[in-house]
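Peer 1: Sharing a structure with you now.
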Amino acid sequence: QVQLVESGGGLVQPGGSLRLSCAASGSISSIAAMGWYRQALGKQREMVATMTSGSSTNYADSVKGRFTISRDNAKNMVFLQMNSLKPEDTAVYYCWCKNVLRNYWGQGTQVTVSS
């Protein structure tokens, strides 16, 4: 089992920045990849950014050049630096990880981009 806890969401003006953090605990050694998904009101959950255990990254086209995913393996944490935020980035952001058996999700943190 893996537990994920996010922090760092909030309200920010368009063009601003936020940094999300996710702390993993439990069966850490089994994790093959970690990342972030988001779900806007009335829409399906979508991948934002992921990173494998080998540090390969993947980003949604809508966030390329604005968001950066990073990991601190010593602290079992993953981060999402979000710059140049747009109103369309407003969503609940979920920390995600997977091992060979299943996916795991955090409880989500709200990000609202509005003036």
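The values are calculated or read from the model by the stated rules, or taken from the named source; none is laboratory data. Treat the numbers as computed from the prediction; the structure is a model and nothing was measured. Using ideal geometry, Cβ is built from the backbone for each residue, glycine included, and neighbour counts are taken over all protein chains shown. Surface accessibility is based on the protein's heavy atoms, side chains included, excluding ligands, DNA and RNA. Shrake-Rupley method; radii C 1.70, N 1.55, O 1.52, S 1.80 Å.
Peer 1: Averaging sequence separations of C-alpha pairs under 8 Å and six or more residues apart, then dividing by the length of the chain, give the relative contact order as a whole percent.
Peer 2: 37 percent
Peer 1: Continuing with the same structure: Using the Cα centre as the reference, give the magnitude of the dipole from point charges on the C-beta atoms of the stretch 7-115 (Lys, Arg: +1; Asp, Glu: -1; all else neutral), rounded to the nearest 20 debye.
Peer 2: For this selection, approximately 120 debye.
Peer 1: Also, quick follow-up: For the chain, modelled as a Gaussian network with Cα springs under 10 Å, which listed residue fluctuates most, VAL12, VAL92, VAL100?
Peer 2: Of VAL12, VAL92, VAL100, the Gaussian network model singles out VAL100 as fluctuating most.
Peer 1: Select from GLY54, GLY26, GLY42 the residue whose mean-square fluctuation is largest in a Gaussian network model of the chain (Cα-Cα springs shorter than 10 Å).
Peer 2: It is GLY42.
Peer 1: Right, another one. Can you tell which of GLN81, GLN44, GLN13 shows the greatest fluctuation in a Gaussian network model of the chain with Cα springs below 10 Å?
Peer 2: GLN44
Peer 1: Can you tell me the FRET efficiency between THR112 and ARG66 if r is taken as the Cβ-Cβ distance and R0 is 25 Å, rounded to the nearest 0.05?
Peer 2: Taking R0 as 25 Å, the efficiency between THR112 and ARG66 is 0.90.
Peer 1: Ignoring ligands, DNA and RNA, what percent of the 1.4 Å accessible area of the chain is carbon and sulfur?
Peer 2: For the chain, the apolar C and S fraction of the accessible surface comes to 48 percent.
Peer 1: Can I ask one more? Multiply the residue gap between ARG19 and SER7 by 0.36 nm, knock off their C-alpha separation, and tell me the result in nm, one decimal place.
Peer 2: 3.5 nm
Peer 1: Related question: Using the heavy atoms of the protein chains and a 1.4 angstrom probe, tell me the accessible area per residue for the chain in square angstrom. Show your work: numbers first, answer last.
Peer 2: On the way: 6100 Å² over 115 residues.
That works out to 53 Å² for each residue.
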